[in-house]
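See below for the structure under consideration.
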Amino acid sequence: MTFKRKDGRKADEMRPISAKVGVVPNADGSAMYTSGKTIAIAAVYGPKKMHPQHLQNPEKGTLRCNYSMLSFSVSERIRPGPNRRSTEISKITEWALEPVLMINQFPNMVIDVHINIIQADAGTRCAGINAAAMALAHAGIPMRNMISSISAGKLDKTIVLDLDKHEDSEFNEGEGSTDIPMTFTNDGKLTHIQVDGHITKEQLKEAISLAREASKKVYAVQKKALKEVGEQQ
Amino acid sequence: METNFSTTANITGERIKQYLREGKRFDGRDLDEFRELSIKTDVSKNAEGSASVKLGQTEVMVGVKLDVSAPYPDSLDQGNLMVTAELLPLSSPRFESGPPKFEAIELGRVLDRVVRESKFIDLKKLCIKEGEKVWTVFIDIYSINDDGNLLDAAGIGIIAALKTARIPKYDEAKEKVLFGELTDQKIPLSKNIPISITVHKIGDNLIVDPTKEEEDVSDTRITVGSADGIISSMQKGNSIALDVKDLYEALDLIESSYKTLLPKIEKFLK
């Protein structure tokens with residue numbers, strides 16, 4: 001493939017990633033995940049008793065995610081507080097995490113996961129999900145599996161990995177840009193997928209397998225960061 | 001698993017007070033001693049200026065954004081200033097999502113006055129066209145980990161974020177701010193640096209830079225914004241009366257704290 005990306009990456013190349021566990025001392029579990037210029041932090045509080053009582057579920061615990069961008073994390077300031085976009089991403093994050101979380105062990109309880117985007121350059125929901133998954137593991141919440149999130153996409157006719165902000169919102173050559181954020185369990189099941197753009201079934205399959213391979217690299221970084229903090233304690 | 005996070009236990013409070021009477025604190029500090037300070041600037045690159053400040057285990061993040069808008073009717077030849085604070089649920093088990101509560105509103109407003117009343121920012125120089133277009137400086141404060149004294153930590157964060165901020169390019173013809181294209185121009189700031197310093201009265205003792213536990217048992221507090229001996233803002237918090245004598249003592253403590261704190265802050269901004 002000879003497709004040229006503005007930042008010099010190859011089509012199947014993701015941005016440099018890093019992770020750190022234990023960034024919020026007050027929390028029961030916390031983590032930071034960085035992908036290129038995108039930085040997300042997540043903190044877990046709980047499991048704790050759900051209040052008010054009528055929200056309690058005697059069958060299983062409740063996962064409550066809260067995704068939010070700092071006002072200055074983007075180039076044009078956004079008003080602090082929740083909006084339609086952050087409300088949807090919060091829910092998507094819950095859906096991405098719930099399949100691996102052994103939440104039935106915590107009837108009548110709630111686990112709060114707070115995700116804040118410190119710096120945004122696209123891929124913030126993936127970074128948030130990766131940080132949240134690590135924070136939950138750090139908090140000792142039993143999980144069947146780790147999950148790892150990454151986006152694939154299409155720029156004009158080329159399938160690429162991990163769109164940055166320029167590619168996601170300013171690229172308009174040919175067929176334009178398609179963004180496909182995905183989240184995989186480490187045995188390769190999808191817990192989250194979204195598509196924005198236009199793409200054929202065959203191309204989508206290609207994008208999914210590209211993202212699946214990349215998710216293994218994300219997993220390796222998550223695992224390493226969790227191991228490091230485990231050794232310190 | 002069920003811990004009450006909303007307050008510090010009475011027995012702990014009694015012990016804190018007993019320690020203070022002997023001139024001691026749990027973490028071994030003197031009564032007039034701040035925790036270790038560290039400042040990192042440029043922590044969020046889409047902001048025109050940003051900083052993260054740690055005082056011990058307390059951490060806050062402050063960002064400065066600029067935009068062009070109309071001036072307020074009562075200050076047609078001046079830029080606008082807006083300071084807001086959000087106590088992130090991420091930063092403490094005590095904070096919940098939802099509309100800002102009193103604590104967050106007070107934090108933003110007290111620090112707004114520290115910046116505004118000290119005339120730290122020369123707002124007149126931020127006027128583009130009188131009566132029509134001026135720069136608005138947004139200062140947004142976020143708590144990352146609350147272990148007491150968010151107020152003073154955020155005050156230091158504001159100084160660092162403003163000092164390092166750069167004004168973005170403005171396309172006059174299109175009337176559009178070119179975000180991400182920063183000029184070399186800094187926000188016009190006065191030489192004297194206004195620092196917010198809060199003194200807490202616990203029992204008969206005055207202390208600075210309380211941890212969360214100390215803050216919980218504080219009877220009353222006094223926050224002063226001052227620069228080089230000039231006091232420009234003050235706020236007394238909590239409903240316990242303060243002897244005038246204690247206030248004067250607090251002012252002395254604030255004056256001496258300013259002198260030790262200022263070089264520490266400046267060290268990080270060189």
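The values are calculated or read from the model by the stated rules, or taken from the named source; none is laboratory data. Because the structure is a prediction, the values reported are computed rather than measured. Cβ placement follows ideal geometry from the backbone for every residue including glycine, while neighbour counts extend to all protein chains displayed.
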Within region B:228-246, restricting attention to residues that are in a strand (DSSP E or B) and either more than 27 Å from residue B:193 (Cβ to Cβ) or of a type in the set (Val, Ile, Thr) (or both), which residue is farthest from the chain's Cα centre (by Cα)?
B:230
Hits in region A:20-71 (condition: at the interface with chain B (Cβ under 7 Å from one of its Cβ atoms), out of contact with any helix residue (DSSP H, G or I) (no Cβ under 9 Å at 6 or more places or on another chain) and among the hydrophobic types (A, V, I, L, M, F, W, C))
A:70
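Restricting to region B:134-155, and then to whatever is among the β-branched types (Val, Ile, Thr) and under 15 Å from residue B:116 (Cα atoms), can you tell me which residue is surrounded by the fewest Cβ atoms within 10 Å (Cβ to Cβ)? Reasoning before the result, please.
Filtering region B:134-155 down to residues among the β-branched types (Val, Ile, Thr) leaves B:134, B:136-137, B:139, B:141, B:144.
Still in the list and also under 15 Å from residue B:116 (Cα atoms): B:136-137, B:139.
Numbers: B:136: 19, B:137: 24, B:139: 27.
Here the answer is B:136.
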Restricting to region B:66-98, give me the number of residues that are at the interface with another protein chain (Cβ under 10 Å from one of its Cβ atoms), surrounded by fewer than 24 Cβ atoms within 10 Å (Cβ to Cβ) and small (Gly, Ala, Ser).
3
Of everything in region B:146-171, what is facing chain A (nearest Cβ under 10 Å) and either at pLDDT below 95 or part of a strand (DSSP E or B) (or both)? Give them in sequence order.
B:168
When you check residue A:143 against the structure, is it away from chain B (no Cβ under 14 Å), over 14 Å from the mean Cα position of the chain (by Cα) and either more than 30 Å from residue B:176 (Cα to Cα) or among the aromatic types (Phe, Trp, Tyr) (or both), yes or no?
yes
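Of all the residues that make up region B:173-227, how many are at positive phi and either in a loop (DSSP other than H, G, I, E, B) or away from chain A (no Cβ under 14 Å) (or both)? Step through it out loud before you land on a result.
First, pick out the residues of region B:173-227 that are at positive phi: B:175, B:180, B:203, B:209.
Still in the list and also either in a loop (DSSP other than H, G, I, E, B) or away from chain A (no Cβ under 14 Å) (or both): B:175, B:203, B:209.
Qualifying residue count, region B:173-227: 3.
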Restricting attention to region B:40-55, which residues are in contact (Cβ under 8 Å) with a residue 40 or more places away in the chain and crowded, with 21+ Cβ neighbours inside 10 Å?
B:46, B:47, B:48, B:49, B:50, B:51, B:52, B:53, B:55
Return the residues of region A:216-232 that are in contact with a Gly (Cβ under 9 Å, 6 or more places away or on another chain) and exposed (fewer than 11 other Cβ atoms within 10 Å of the Cβ); say none if nothing qualifies.
A:232
Matching residues in region B:17-39 (without any contact (Cβ under 8 Å) to a residue 40 or more places away in the chain and hydroxyl-bearing (Ser, Thr, Tyr)) number 1
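Among A:129, A:115, A:78, A:103, which is the only one that is more than 23 Å from residue A:224 (Cβ to Cβ) and either more than 10 Å from chain B (Cβ to nearest Cβ) or touching a residue at least 60 places away in the same chain (Cβ under 8 Å) (or both)?
Details: A:129 fails: more than 23 Å from residue A:224 (Cβ to Cβ); A:115 fails: more than 23 Å from residue A:224 (Cβ to Cβ); A:78 fails: either more than 10 Å from chain B (Cβ to nearest Cβ) or touching a residue at least 60 places away in the same chain (Cβ under 8 Å) (or both).
Within the list A:129, A:115, A:78, A:103, the selection yields A:103.
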Selected residue (criterion: farthest from residue B:90 (Cα to Cα)) from residues of region A:21-46 that are more than 17 Å from the chain's Cα centre (by Cα) and surrounded by 24 or more Cβ atoms within 10 Å (Cβ to Cβ)
A:46
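Would you be able to tell me the number of residues in region A:134-175 that are assigned to a helix (DSSP H, G or I) and of a type outside the set (A, V, I, L, M, F, W, C)? I'd like the intermediate steps shown before the answer.
From region A:134-175, those assigned to a helix (DSSP H, G or I) are A:134-138, A:165-169; that's our starting set.
Subsequent filtering for residues that are of a type outside the set (A, V, I, L, M, F, W, C) retains A:138, A:165-169.
Summing the residues that are assigned to a helix (DSSP H, G or I) and of a type outside the set (A, V, I, L, M, F, W, C) in region A:134-175 gives 6.
Based on this model, can you work out whether residue B:69 counts as of a type in the set (Gly, Ala, Ser) and without any contact (Cβ under 8 Å) to a residue 60 or more places away in the chain?
Working: of a type in the set (Gly, Ala, Ser): yes; without any contact (Cβ under 8 Å) to a residue 60 or more places away in the chain: no.
Criteria not met by residue B:69.
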Among (1) farther than 29 Å from residue A:32 by Cα; (2) not in a loop (DSSP other than H, G, I, E, B), the one test that residue B:26 misses:
(2)
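Has region B:57-65 got any residue that is within 21 Å of the chain's Cα centre (by Cα) and away from chain A (no Cβ under 13 Å)? Before you say what the answer is, go through the steps one by one.
From region B:57-65, those within 21 Å of the chain's Cα centre (by Cα) are B:57-65; that's our starting set.
Then drop every residue that is not away from chain A (no Cβ under 13 Å), which leaves none.
Within region B:57-65, none of the residues are within 21 Å of the chain's Cα centre (by Cα) and away from chain A (no Cβ under 13 Å).
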